[in-house]
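Asker: Before we start, here is the structure in question, set down as structure tokens.
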Amino acid sequence: MPIIDSQIHAYEANTPARPWHSVPNWPAHVTGDEMVAAMDEVGVDGAIFLSPLSLYQYDSSYAEAVQRAHPGRFALVKPVNPDDPAVSEVIEAWKHVPGAVGVRIMIPEGVARAADDPGLDRILRSAARVGFPVNLHCWGNLDTGTAIIDRHPGTRFIIDHLGLVQPRVKPAPEHPWADLGKVLALARRANAVIKISGACTLSHKPYPFDDIWAPLGRIFDAWGIDRCLWGTDWTRAFAVVNYEQAVRPFVLTDRLNEAERATLMGGACAKTYGWEPRKA
């Protein structure tokens, strides 16, 4: 089974030709070519490329260009705007873009958007109609995220980043797994899977981050390993762990047998998105 990173972000340098909307604490650039080189160095076969909202907002043109240059290595997820009255048409058009496999909505802590928001309803009905899963970023706002999932039982959801608030700089929060109970309860929703993305950023220990395995084990037990999608969240996690450090603990750990590792690091992702990588 190939290794598939369920969440990466690539981007060009901040220039007038392709300006950033905001300037996060990320490297000055991680182009598509640079991302492929990083993946090759650690044996990652492919990745789900989420167009970075913080840099490009709802413009997915750079992600599309990267996918055209590396069609076998990346599948694409586009953030979509709940405040766009034409968002249904945007999703319909996205369905026909080469490599497109899903859309994303962002309601993390601090975003005041209700579960019955009309724009979210439009997105979730449209995604279900075209057969797209919806990546749901709701860390720090799991109650609303859960209500959204319950409101749309016919829509498939992918919970980003374990559903847990993750740091952008060291150290990890004092209680990084404080919402673990809510994450475990969310597993009862049959129309949802969960990304094990950015997990290493929650560790209080140095590489290889041995303290993440006990809480991850509880997530694997509750969700089932076939509903868990490993990922790095590169480059958002850049200031906390490098790419190799986000990959190697899952490759080398003895906490997973080979069948579990194959499912977590590729099989579940391939099944969820209906996509597998192919190297040139």
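Asker: In the stretch 72-83, what residues are free of Cβ contacts under 8 Å to residues at least 40 places away in the same chain and either among the aliphatic types (A, V, I, L, M) or surrounded by 15 or more Cβ atoms within 10 Å (Cβ to Cβ) (or both)?
Answerer: Start the filter on the stretch 72-83 by keeping residues that are free of Cβ contacts under 8 Å to residues at least 40 places away in the same chain, which leaves 76, 78-79, 81, 83.
Across the stretch 72-83, the qualifying residues are Leu76, Lys78, Pro79, Asn81.
Asker: Further question: For the stretch 102-141, give me the residue count where each residue is in contact with a Gly (Cβ under 6 Å, 6 or more places away or on another chain) and surrounded by fewer than 19 Cβ atoms within 10 Å (Cβ to Cβ).
Answerer: Qualifying residue count for the region: 3.
Asker: So how many residues does the stretch 167-188 have that are outside any helix (DSSP H, G or I), under 19 Å from the mean Cα position of the chain (by Cα) and buried (at least 16 other Cβ atoms within 10 Å of the Cβ)?
Answerer: So in the stretch 167-188, the residues outside any helix (DSSP H, G or I) come out as 167-179, 187-188.
Those still in the list that are under 19 Å from the mean Cα position of the chain (by Cα) too: 167-169, 176-177, 179, 187.
Restricting the remaining residues to those that are buried (at least 16 other Cβ atoms within 10 Å of the Cβ) gives 176-177, 179, 187.
Number satisfying all stated conditions: 4.
Asker: Give the residues of the stretch 6-48 that are assigned to a strand (DSSP E or B) and either more than 16 Å from the chain's Cα centre (by Cα) or more than 17 Å from Val241 (Cα to Cα) (or both), sorted by residue number.
Answerer: Tyr11, Thr15, Arg18, Val30, Gly46, Ala47, Ile48
Asker: If you take the residues in the stretch 49-84 that are among the small types (Gly, Ala, Ser) and assigned to a helix (DSSP H, G or I), which one is nearest to Met106 (Cα to Cα)? Write out each step before concluding.
Answerer: Residues of the stretch 49-84 that are among the small types (Gly, Ala, Ser), as a first pass: 51, 54, 60-61, 63, 65, 69, 72, 75.
Among the residues that remain, those that are also assigned to a helix (DSSP H, G or I) are: 54, 61, 63, 65, 69.
Working: Ser54: 11, Ser61: 19, Ala63: 18, Ala65: 23, Ala69: 28 Å.
Top of the filtered list is Ser54.
Asker: How many of the residues making up the stretch 94-118 are outside any strand (DSSP E or B) and either touching a Phe, Trp or Tyr at 6+ places or on another chain (Cβ under 9 Å) or in contact (Cβ under 8 Å) with a residue 40 or more places away in the chain (or both)? Give the derivation first.
Answerer: Going through the stretch 94-118, the residues outside any strand (DSSP E or B) turn out to be 94-99, 107-118.
Restricting the remaining residues to those that are either touching a Phe, Trp or Tyr at 6+ places or on another chain (Cβ under 9 Å) or in contact (Cβ under 8 Å) with a residue 40 or more places away in the chain (or both) gives 94-95, 99, 107-109.
Total satisfying the criteria: 6.
Asker: Could you check the stretch 1-30 and list, in sequence order, the residues that are surrounded by 13 or more Cβ atoms within 10 Å (Cβ to Cβ) and among the aliphatic types (A, V, I, L, M)?
Answerer: Once the filter is applied, which keeps residues that are surrounded by 13 or more Cβ atoms within 10 Å (Cβ to Cβ) and among the aliphatic types (A, V, I, L, M), the stretch 1-30 yields Met1, Ile3, Ile4, Ile8, Ala10, Val30.
Asker: Looking only at residues that are of a type in the set (A, V, I, L, M) and surrounded by fewer than 17 Cβ atoms within 10 Å (Cβ to Cβ) in the stretch 84-96, which one is nearest to Pro2 (Cα to Cα)?
Answerer: First, pick out the residues of the stretch 84-96 that are of a type in the set (A, V, I, L, M): 86-87, 90-91, 93.
If we keep only those that are surrounded by fewer than 17 Cβ atoms within 10 Å (Cβ to Cβ) too, we end up with 86, 93.
Working: Ala86: 37, Ala93: 29 Å.
Looking at residues that are of a type in the set (A, V, I, L, M) and surrounded by fewer than 17 Cβ atoms within 10 Å (Cβ to Cβ), I get Ala93.
Asker: Before we move on, is Glu244 surrounded by fewer than 22 Cβ atoms within 10 Å (Cβ to Cβ), among the acidic types (Asp, Glu) and part of a loop (DSSP other than H, G, I, E, B)? I'd like the intermediate steps shown before the answer.
Answerer: On the way: surrounded by fewer than 22 Cβ atoms within 10 Å (Cβ to Cβ): yes; among the acidic types (Asp, Glu): yes; part of a loop (DSSP other than H, G, I, E, B): no.
No: the conditions fail for Glu244.
Asker: Right, another one. Just the residues that are surrounded by fewer than 21 Cβ atoms within 10 Å (Cβ to Cβ), closer than 23 Å to Phe250 by Cα and among the small types (Gly, Ala, Ser), please, taken from the stretch 39-71.
Answerer: Of everything in the stretch 39-71, just one residue is surrounded by fewer than 21 Cβ atoms within 10 Å (Cβ to Cβ), closer than 23 Å to Phe250 by Cα and among the small types (Gly, Ala, Ser), namely Gly43.
Asker: Still on this structure, please answer the following. Given the options Val80, Val66, Val97, Val30, name the one that is of a type in the set (Val, Ile, Thr) and within 30 Å of Asp179 (Cα to Cα).
Answerer: On the way: Val66 fails: within 30 Å of Asp179 (Cα to Cα); Val97 fails: within 30 Å of Asp179 (Cα to Cα); Val30 fails: within 30 Å of Asp179 (Cα to Cα).
After ruling out the rest, the residue left standing is Val80.
Asker: Quickly run through the stretch 192-230 and pick out the residues that are aromatic (Phe, Trp, Tyr) and in a helix (DSSP H, G or I). Spell out how you get there, then give the answer.
Answerer: Taking the stretch 192-230 first, the residues aromatic (Phe, Trp, Tyr) are 207, 209, 213, 220, 223, 230.
The answer is Trp213, Phe220, Trp223.
Asker: Here is a follow-up. Mind checking whether some residue in the stretch 56-70 is under 26 Å from Val241 (Cβ atoms) and either at pLDDT below 95 or charged (D, E, K, R) (or both)?
Answerer: Checked against the condition, which is being under 26 Å from Val241 (Cβ atoms) and either at pLDDT below 95 or charged (D, E, K, R) (or both), the stretch 56-70 yields no hits at all.
Asker: Right, next: Among the numbered criteria (1) surrounded by fewer than 16 Cβ atoms within 10 Å (Cβ to Cβ); (2) at positive phi, which single criterion is violated by Gly99?
Answerer: (1)
Asker: Another question about this same structure. Looking at the stretch 218-241 only, could you name the residues that are small (Gly, Ala, Ser) and surrounded by 19 or more Cβ atoms within 10 Å (Cβ to Cβ)? Full working, then the answer.
Answerer: Taking the stretch 218-241 as the starting set, the residues that turn out to be small (Gly, Ala, Ser) are 222, 224, 231, 237, 239.
Within the stretch 218-241, Gly231, Ala237 meet the criteria.
The values are calculated or read from the model by the stated rules, or taken from the named source; none is laboratory data. Given the structure is predicted, the values throughout are model-derived calculations rather than measurements. All Cβ positions, glycine included, derive from the backbone under ideal geometry; neighbour counts span all protein chains shown.
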